[in-house]
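Novice: Before I ask anything, here is the structure I am working with.
The values are calculated or read from the model by the stated rules, or taken from the named source; none is laboratory data. Keep in mind that what you see is a predicted model, and the values were worked out from it rather than measured. Neighbour counts are summed over all protein chains in view; Cβ atoms, including those assigned to glycine, are modelled from backbone coordinates with ideal geometry.
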Amino acid sequence: MIFNQAIALKELIDIIGQHVEVRGDINAMVSGINEIHMVQPGEITFVDHPKYYEKVLKSQASFIILDIHPENDYGKTIIISDDPFRDYVKLVKHFRQFHAQDAYIHPSAQIGEGTILQPGVFVGENVKIGKNCIIHSNVSIYDHSTIGNNVIIQSNSVIGGEAFYFKRRATHWDKLESCGSTTIDDNVEIGALCTIDKGVSGDTHIGEGCKFDNHVQVGHDTTIGKHCLIGSHCAIAGVTTIEDDCLIWGRVSINKDLVIGKGSVILATSGVDKSVPAGKVMFGSPAVDVHKKWKELAALRMLPEYLEKITDIEKYIEELKANR
């Protein structure tokens, strides 16, 4: 999330609380809030796990909330906290507060010429919808979503829902509040009962000309390129990149933090747990090159026949031993 104007770090410390220790210029200006994998110069982020200490210190972040005193701060301003997750959420809640809405269409929403909203459509705060769209009944478009021109969204889909992101505590799961957004480009069609989550602090982006069947789930901060076709009941985890012209057929599951290369095809019911090079056709769970999987399946079909042959051979050997 980018601030409307830069804010002095000392003002953010007032929001977090004076229990933190600052290593660096407390008067430095902060341009926004962001998560580790998307953070840009001028922004503040957090890390509370040893796995990511080095990554965040070498990232583009200018300000980092940490629970350690690093030996090398790599020129960053470090905010030492006993609970970086908690203090980061304080900032998110302050700058992206939830405002209850008593009307289906928020007064701040911008809706383009020729766009049709069927009965029961909910449009949140600071939503932008382009020209000549058709939004069918009971679609919910959450705050800060942007939808391009000539977009069709079928009934009961949710655009811009909160990210599924929680931290395990001793007694409960602690929610990482979302302050990101969702962008859907021109000429996209979204089926019924689809869910596209907003970014945790950045943007979930659906590229121009994409077509979704029903019951598609897209996780937070995922980027889908242009002209992708995605079948029903697909589940795409957060922080995934699907490049242009990909075909993803029904009931495919794609793990987080992966890249699906341009022009790839993922066949139905596959489970993708590794990045896919451009132009590959993948199948299976875990998904592998389709030709390899077909050979495996062909071998599997031959297994009963080979087991019978092995049994016959064993019987023959036992007879030979008995006749010695």
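Rundown of residues vs (1) hydroxyl-bearing (Ser, Thr, Tyr); (2) modelled with pLDDT under 95; (3) in a loop (DSSP other than H, G, I, E, B); (4) in contact with a helix residue (DSSP H, G or I) (Cβ under 9 Å, 6 or more places away or on another chain), yes/no style:
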site: 156; (1), (2), (3), (4): no, no, yes, no
site: 160; (1), (2), (3), (4): no, no, no, no
site: 179; (1), (2), (3), (4): no, yes, yes, yes
site: 196; (1), (2), (3), (4): no, no, no, no
site: 205; (1), (2), (3), (4): no, no, no, no
site: 227; (1), (2), (3), (4): no, no, yes, no
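Novice: Next question. Go through the range 23-57 residue by residue and tally those that are surrounded by 16 or more Cβ atoms within 10 Å (Cβ to Cβ) and either in a strand (DSSP E or B) or assigned by TED's automatic domain parsing to the domain that holds residue 183 (or both).
Specialist: The total comes to 8.
Novice: Still on this structure: Keeping to the range 162-177, report how many residues are of a type in the set (S, T, N, Q) and touching a helix residue (DSSP H, G or I) at 6+ places or on another chain (Cβ under 7 Å). First the steps, then the outcome.
Specialist: Going residue by residue through the range 162-177, those that are of a type in the set (S, T, N, Q) are 171.
Still in the running and touching a helix residue (DSSP H, G or I) at 6+ places or on another chain (Cβ under 7 Å): none.
So the answer is 0.
Novice: Is there a residue in the range 302-311 that is among the hydroxyl-bearing types (Ser, Thr, Tyr) and either touching a helix residue (DSSP H, G or I) at 6+ places or on another chain (Cβ under 8 Å) or assigned to a loop (DSSP other than H, G, I, E, B) (or both)? Please lay out each step first, then the result.
Specialist: Residues of the range 302-311 among the hydroxyl-bearing types (Ser, Thr, Tyr): 306, 311.
Narrowing the set further to residues that are either touching a helix residue (DSSP H, G or I) at 6+ places or on another chain (Cβ under 8 Å) or assigned to a loop (DSSP other than H, G, I, E, B) (or both) leaves none.
The answer is no, given that none of the residues of the range 302-311 is among the hydroxyl-bearing types (Ser, Thr, Tyr) and either touching a helix residue (DSSP H, G or I) at 6+ places or on another chain (Cβ under 8 Å) or assigned to a loop (DSSP other than H, G, I, E, B) (or both).
Novice: Output the residues belonging to the range 256-282 that are among the polar types (S, T, N, Q) and either within 17 Å of residue 223 (Cβ to Cβ) or crowded, with 17+ Cβ neighbours inside 10 Å (or both).
Specialist: If the condition is that a residue be among the polar types (S, T, N, Q) and either within 17 Å of residue 223 (Cβ to Cβ) or crowded, with 17+ Cβ neighbours inside 10 Å (or both), then 264, 270, 275 are the ones that fit.
Novice: Which one of the conditions (1) in a strand (DSSP E or B); (2) within 26 Å of the chain's Cα centre (by Cα); (3) among the β-branched types (Val, Ile, Thr) does residue 92 fail to meet, given that it meets all the rest?
Specialist: Here residue 92 meets the rest and fails (1).
Novice: Here's something else I'd like to know. Only one residue in 190, 159, 153 is in contact with a Lys or Arg (Cβ under 9 Å, 6 or more places away or on another chain), surrounded by 23 or more Cβ atoms within 10 Å (Cβ to Cβ) and under 14 Å from residue 211 (Cα atoms). Which one?
Specialist: After applying the criteria, what remains is 190.
Novice: Taking the range 95-142 as the search range and keeping residues that are among the aromatic types (Phe, Trp, Tyr), assigned to a loop (DSSP other than H, G, I, E, B) and modelled with pLDDT of 95 or more, which one is surrounded by the most Cβ atoms within 10 Å (Cβ to Cβ)?
Specialist: By that ranking, first place goes to 142.
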